[in-house]
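What follows is a single structure, written as structure tokens, with notes after it.
The values are calculated or read from the model by the stated rules, or taken from the named source; none is laboratory data. Everything quoted here is computed from the prediction, not taken from an experiment. No Cβ is skipped: glycine too gets one built from the backbone with ideal geometry, and neighbour counts run over all protein chains shown.
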Amino acid sequence: MGRIVALDFGMKRTGMAHTDEMQLIASGLTTVATPELIPFLVDYLKTETVDVLVVGEPKQMDNSASESEELIQAFLKKLKAACPDLNVARQDERFTSKLAVQSMVASGMKKKKRQDKALVDEISAVLILQAYLDRKPFI
């Protein structure tokens, strides 16, 4: 069984999270500058087996697509060309950034550390991955 990797895609940087090989525990992986994301994923796939790549799906409150969805679609097209065999799933990412900051506050993290946007993006990716795991049926 391979890992599941999740992305909190952003214009400047993308937070990443992954599971263990048993696909039970979601944990932060890193934050990557978005222009370097596809080469990073290609290298990652050389060393790790990935069953699914979960990409956050930004939606408005009325369930319509967010403005950033256009950028994500362009990324997914490039990703498909670079990694044609990679399975991609989408997961609603509404409120993940807000929940990430709340979890940082709840854990007692200092204000200076909470202002680290790369860390917020990574934690957001963990929340996206956990939401995907919560809705994924166990076999």
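Brief remarks on what is shown
- Meets criteria (under 15 Å from the mean Cα position of the chain (by Cα), assigned to a helix (DSSP H, G or I) and either at pLDDT 85 or above or hydroxyl-bearing (Ser, Thr, Tyr) (or both)) for LEU119: no
- Among residues of region 67-88 being in contact with a helix residue (DSSP H, G or I) (Cβ under 9 Å, 6 or more places away or on another chain) and surrounded by 15 or more Cβ atoms within 10 Å (Cβ to Cβ), the one that is modelled with the lowest pLDDT is LEU71.
- Residue within region 23-45 that is in contact with a strand residue (DSSP E or B) (Cβ under 8 Å, 6 or more places away or on another chain), exposed (fewer than 15 other Cβ atoms within 10 Å of the Cβ), more than 20 Å from LEU119 (Cβ to Cβ) and touching a residue at least 12 places away in the same chain (Cβ under 8 Å) present: no
- Per the conditions (1) touching a residue at least 60 places away in the same chain (Cβ under 8 Å); (2) of a type in the set (A, V, I, L, M); (3) part of a loop (DSSP other than H, G, I, E, B), the sole criterion not satisfied by LEU71 is (3).
- Of the candidates LEU127, LEU53, the single residue that is at pLDDT 80 or above, surrounded by 15 or more Cβ atoms within 10 Å (Cβ to Cβ), of a type in the set (A, V, I, L, M) and farther than 16 Å from ARG3 by Cβ is LEU127.
- Hits in region 5-42 - residues which are of a type in the set (A, V, I, L, M), more than 10 Å from the chain's Cα centre (by Cα) and either closer than 16 Å to CYS83 by Cα or in a loop (DSSP other than H, G, I, E, B) (or both): MET11, MET22, LEU24, ILE25, LEU37, ILE38, LEU41, VAL42
- Hits in region 46-58 - residues which are in a loop (DSSP other than H, G, I, E, B) and free of Cβ contacts under 8 Å to residues at least 40 places away in the same chain: PRO58
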